[in-house]
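Structure first, commentary second.
Any read-out appearing in this document is the output of simple, stated calculations on the displayed coordinates, not a laboratory observation. Note that the structure is predicted; figures quoted are calculated from it, not measured. Cβ atoms come from the backbone with ideal geometry, glycine included; neighbour counts cover every protein chain shown.
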Amino acid sequence: MTPSTIRTCLAASCLLLASPVMLTAVCVPATAGPFEDGVTAYWQDDFDTALQLWRPLAEHGNVGAQYYLGIMYENGRGVKRDYAEALRWYRKAADQNFAVAQINLGTMYEHGEGVERDYDEASSGTAKLPSKATPTPCSTSGARTRKA
């Protein structure tokens, strides 16, 4: 497994575990919507369906859909690998303070994936993370410590 694949798996696990729908599903019956249907399609390798479901949601500001589109474009899952498009979707999600997207965006800058390597830009995404965040494998995957 490549670091990108490991980061994607960890981040996707965090997204599902942290999803408010998943948290409320424990307490009340929930009806799946387009986002959840996209998650199911994605994990069944039905990327065309996932893309059809998530793109309209992402364009209307759904942070989870924006994040998953970033994953799809970064890794070429159902679409041609396109780092610029991955960066665009990660940035939209990161601008909504979605921590995993901030980390993925920073990691792309750190490794120069689709952009010129830029450690300052890489650090700026992780600097937005809440100071009281508990470090976990999900929230620190790909994160970089900025040297003083």
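Each label was represented as a point 7 Å from its Cα along the Cα-to-Cβ direction; for Glu113 and Lys80 these points are 1.9 nm apart. Taking the Cα centre of the range 39-90 as reference, the dipole from Cβ charges on Lys and Arg (+1) and Asp and Glu (-1) amounts to some 100 debye.
Computed from label points 7 Å out along Cα-Cβ, the spacing between Thr49 and Asp120 is 4.7 nm.
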